[in-house]
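Encoded as structure tokens, the structure appears first; notes follow it.
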Amino acid sequence: MDGKAIVITSGKGGVGKTTSTANIGTGLAQLGKEVVLIDADIGLRNLDVVMGLENRIVYDIVDVVEENCRLEQALIKDKRYSSLSLLPAAQTRDKTAVSKEQMVEVCKRLKAEADYVLIDCPAGIEQGFQNAIAGADEAIIITTPEVAAIRDADRVIGMLQAEGLGEPEVIINRIRMDMVNKGDMMDIEDMIEILAIKLLGVVPDDQEIVISTNKGEPIILDDSNSQSAQAFKNIVHRLEGEKIPLMSLEEGFMEKFKRILGLG
Amino acid sequence: MLDKLRKMFDDEVDSKDLAKERLKLVLIHDKINISPELLEEMKEELLEVVSKYIEVEANRLSIDLNQDDQSIALVANIPVKELRRRSLEDVSESD
Ligand SMILES: Nc1ncnc2c1ncn2[C@@H]1O[C@H](COP(=O)(O)OP(=O)(O)O)[C@@H](O)[C@H]1O
Ligand SMILES: [Mg+2]
């Protein structure tokens, strides 16, 4: 099939890489794409839980590279979409259990069968990061509207460029328009200007994401179409080459009214 | 609107502007990898060289790192007192 491998990375931990990987992967499968998610965070397996697939794991990526099983045996089918599967990280091993070359090989084999291979990158810029980006054709940077997260994102962009992944796009996660409007959070234009890269999307800070993660159901499955679900849908369509304008994340009229009256 | 009014009455700086300025500085220093001390040293040396040719206001000299798009520029602002017309000979003599 010859799909492409996209690494989802950030430098800083806890900014939403795993959440984004789960949602973008599920969204692409909703569009009928063949998708494989790789959890490259070896030793800190997460993506299985966010996807609600933790009880189905038999083999993991280390079993694959050590040839304890075939690649197909380690792939876990998603509950909801048959064209979506997960290659889990090993939980009891460390980053050195998989080499760069092995990662490149795994990605190559998965790309032959899928439209998209999404790689959930560990935090940091050490070997785990180096491995995760080794097999990627493209990169998505996740950041939050904070100085430390953007600084790390900038560092990672530089390192990606050095590895030939020169044109990453950024997702700004956990934005709060109420704070932006009060001048207490950097706005989107500021951040894009400073990072000097293309914007793939903006995801609001949304407690529904915490709830959906509790259930093991990515928010993009949400029918009520919360703002964060819509944001991830837009991102998926942009990845597919559609031109979708940024959605309005302005606070609603009532919220603004309440805030001005000091009730919000 | 009300927010803007509120801002006019307290001269507190928006924390987002603080964040932006701090971020810009930290990124420039990350990239150029030069400490403020080294920058100060460079300033002294620069002053020495320039003073050989023109009289400058040493205490008003400033050196900054500026970033636009992807390139970083070293910008020195050196206010001149008055032009000293010296021949090249003078310069080598004074060395
Ligand atoms: N847009 C968001 N709104 C609210 N909570 C979020 C959002 N994105 C991520 N989170 C929460 O932040 C935490 C860290 O997210 P995660 O995806 O695990 O980050 P990473 O993989 O980068 O370490 C999780 O508890 C997740 O539910
Ligand atoms: Mg993670």
Could you check segment A:60-78 and list, in sequence order, the residues that are closer than 21 Å to A:CYS121 by Cβ and not small (Gly, Ala, Ser)? A:ASP60, A:ILE61, A:VAL62, A:ASP63, A:VAL64, A:VAL65, A:LEU71, A:LEU75, A:ILE76, A:ASP78
Out of curiosity, is A:GLU163 away from ligand 2 (no atom under 16 Å from the Cβ), within 14 Å of chain B (Cβ to nearest Cβ) and either over 21 Å from A:VAL35 (Cβ atoms) or buried (at least 19 other Cβ atoms within 10 Å of the Cβ) (or both)? no
So for segment B:52-60 (the condition being modelled with pLDDT under 90, closer than 30 Å to A:MET159 by Cα and surrounded by fewer than 15 Cβ atoms within 10 Å (Cβ to Cβ)), does at least one residue qualify? no
Identify, by number, the condition in (1) within 14 Å of chain A (Cβ to nearest Cβ); (2) part of a helix (DSSP H, G or I) that B:GLN67 doesn't meet. (2)
Where A:VAL203 falls short, out of the listed (1) touching a Ser or Thr at 6+ places or on another chain (Cβ under 6 Å); (2) touching a residue at least 40 places away in the same chain (Cβ under 8 Å); (3) away from ligand 2 (no atom under 16 Å from the Cβ): (3)
How many of the residues in segment A:1-14 are out of contact with any Cys (no Cβ under 8 Å at 6 or more places or on another chain), within 15 Å of A:VAL170 (Cβ to Cβ) and within 8 Å of ligand 1 (Cβ to nearest atom)? 1
Only one of these conditions is not met by A:ASP184: (1) more than 13 Å from ligand 1 (Cβ to nearest atom); (2) in a helix (DSSP H, G or I); (3) in contact with a Ser or Thr (Cβ under 6 Å, 6 or more places away or on another chain). Which number is it? (2)
Has segment A:15-25 got any residue that is farther than 23 Å from A:GLY166 by Cα, within 14 Å of ligand 1 (Cβ to nearest atom) and not polar (S, T, N, Q)? yes
Considering only residues that are within 7 Å of another protein chain (Cβ to nearest Cβ) and either of a type in the set (Asp, Glu) or without any contact (Cβ under 8 Å) to a residue 12 or more places away in the chain (or both), which ones fall in segment A:175-186? A:LYS182, A:GLY183, A:ASP184
So A:ILE61 passes all but one of these: (1) over 15 Å from A:GLY128 (Cα atoms); (2) within 16 Å of ligand 2 (Cβ to nearest atom). Which condition number does it fail? (1)
Condition met for A:GLY52 (small (Gly, Ala, Ser), within 14 Å of another protein chain (Cβ to nearest Cβ) and within 16 Å of ligand 2 (Cβ to nearest atom)): no
Hey, any hits in segment A:226-240 for a residue that's part of a loop (DSSP other than H, G, I, E, B), more than 14 Å from chain B (Cβ to nearest Cβ) and modelled with pLDDT of 90 or more? yes
Answer from A:ASN46, A:ASN55, A:ASN23 - the residue that is at negative phi and free of Cβ contacts under 8 Å to residues at least 40 places away in the same chain: A:ASN55
List the residue pairs whose Cβ atoms are under 6 Å apart, where the first residue sits in segment A:95-119 and is more than 22 Å from A:HIS237 (Cα to Cα), the second is in a helix (DSSP H, G or I) and of a type in the set (Gly, Ala, Ser), and the two are 6 or more positions apart or on different chains. A:LYS95/A:GLY128; A:LYS100/A:ALA134; A:MET103/A:ALA134; A:VAL104/A:ALA134
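The values are calculated or read from the model by the stated rules, or taken from the named source; none is laboratory data. All values derive from a computational prediction rather than experimental measurement. Cβ sites come from the backbone with ideal geometry, for glycine too, and all protein chains shown count toward neighbours.
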